[in-house]
Amino acid sequence: MYPRNLVMACLHLFLGLTFGWFGWTHALHAQLLEGDRIVFCGDSITDQKTYTRLVMDYFALRHPGTKLVFFNVGITGSTAGGWKKDGIQKHVLPLKPTLVTLCLGMNDGGYRAYEPKTGDTYEANLMALITDIKAGGARVALLTPGAIDDDTIPPRFAKGVYNDTLARLAKRVETIGARENIPVFNIHNLMLEIQTRAKTQTPAFTMIPDGVHPGEVGATAMAYGLLKVLGPIRPAASLRLDASAKTTETSLCTVQNLNVTDDHLTFTRTDHALPTFLPKDAIVALQPHTAILEELNEYRLAVTNLKQDTWKLQVEDALAGVFTSEDLARGVNLGNMPGPWQLLGGKVDRLAAEASHVYDVVFHGLSQRHFPQAADSASPQLRELAAEIETARVAYIQKVIALYEADEWKRGMVPASERTWRWTFTRMP
């Protein structure tokens, strides 16, 4: 049996060697802090609220009790140039962010072959956004534009050229990050690498159903990239148990009521860092092609000195798996296996979706463009009325945001009672 820290060091070395070649590693983190206000800024891919929701899930489950507030200000069809005009001042800074994530570029290349002028304009516009965000007192984290799927992209777009354009724009983002000491993750390279590898084995594979907007599979890869920027990714709780000595080694969990017989082993365990929620389709589709799911959900359990046999593990009412005593002695990762953590993750994910919708109503439904502007009317009476409407609109938005923030605190407060479970090992006949 090798020491666990040696095994994990080898695993991390393997991941670095395996994926470092593709250029999506990074060196900096925008570590989240207690009380941070995070604004996701981007185009329609951000406005989907899928990869951002998965990031929200991670922090609620892996860091339960940490007070964070997330806002999504994705605008469909937007570009870095469009945001440069007045978007940061109008939509981002009023939220008093402490950290802003930027994921722009999919539309900036015009869905055409790359031209140097396009790259120059994109880099200048993105830098202008960063300057405004920093001037507002917030930190910045960057995602490059993602990838497209030439097999599913509509015919009106030029096939076979746009991923090259996106790759060149991604390099521009990395250049900014290196120059400005800002954390960056190249999700274009990650998505393209996974897509290429998967299509080699399964030509019909796609994680971008319409060619541009990632489904839940692609969004999982994007969430991984953003979490690496906001990381490092924290392992979930782990437990090493010696059935003979009846001793435990715990990390981020507590164990009580340990009882061991020849045929059964039971205990009650409270976890302080849980597996994050991952869509089932993403687990099935990505598991054969990438190691990112293993890194996202490292939730390890080892049991040594059990009677040599096959053992069934049940956690509360869920069958987590059937393992040999040798498997358990080496240690298993339960992160993406069935268990009450999956049910809790689903609940947290639904709450994150509801929270995202609430702010979406404010951001899109109560936008200035839906209301009369005082300057648009020559009539003094209508100008006065428009001013009154604007005052009421702003006051209403502030009230809704206050309620939203209160709910956001609660969403991340996963109570200990919901992460305390009875674990039962039964020797199979």
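Points to keep in mind about this one:
- Taken over segment 160-193, the criterion of being in contact with a strand residue (DSSP E or B) (Cβ under 6 Å, 6 or more places away or on another chain), in contact (Cβ under 8 Å) with a residue 40 or more places away in the chain and either among the small types (Gly, Ala, Ser) or in a helix (DSSP H, G or I) (or both) is satisfied by VAL173, GLY177, ILE187.
- Of all residues in segment 282-338 being in contact (Cβ under 8 Å) with a residue 24 or more places away in the chain, among the β-branched types (Val, Ile, Thr) and assigned to a strand (DSSP E or B), the one that is nearest to TRP421 (Cα to Cα): VAL315
Yes or no, residue by residue, for (1) polar (S, T, N, Q); (2) exposed (fewer than 15 other Cβ atoms within 10 Å of the Cβ); (3) within 30 Å of LEU306 (Cα to Cα):
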| residue | (1), (2), (3) |
| --- | --- |
| LEU344 | no, no, yes |
| ARG350 | no, yes, no |
| HIS364 | no, no, no |
| LEU385 | no, yes, no |
| GLU388 | no, yes, no |
| LEU403 | no, yes, no |
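- Within segment 36-86, the set of residues being free of Cβ contacts under 8 Å to residues at least 40 places away in the same chain, in contact with a strand residue (DSSP E or B) (Cβ under 9 Å, 6 or more places away or on another chain) and outside any loop (DSSP other than H, G, I, E, B) comprises ASP47, GLY74.
- Criterion applied to ILE182, ILE187, ILE176 was being touching a Gly at 6+ places or on another chain (Cβ under 7 Å) and at pLDDT 95 or above, and the one residue passing it is ILE187.
- Criterion: over 23 Å from ALA282 (Cβ atoms), at pLDDT 95 or above and surrounded by 23 or more Cβ atoms within 10 Å (Cβ to Cβ) - qualifying residue of TYR162, TYR224: TYR162
- Unmet requirement for SER417, which otherwise passes all of (1) surrounded by 13 or more Cβ atoms within 10 Å (Cβ to Cβ); (2) assigned to a helix (DSSP H, G or I); (3) within 30 Å of the chain's Cα centre (by Cα): (1)
- Any chance GLY137 is closer than 22 Å to LEU99 by Cα, touching a residue at least 40 places away in the same chain (Cβ under 8 Å) and either out of contact with any Ser or Thr (no Cβ under 6 Å at 6 or more places or on another chain) or in a helix (DSSP H, G or I) (or both): no
The values are calculated or read from the model by the stated rules, or taken from the named source; none is laboratory data. On a predicted model such as this, the values are computed, not experimentally measured, just so you know. Cβ sites come from the backbone with ideal geometry, for glycine too, and all protein chains shown count toward neighbours.
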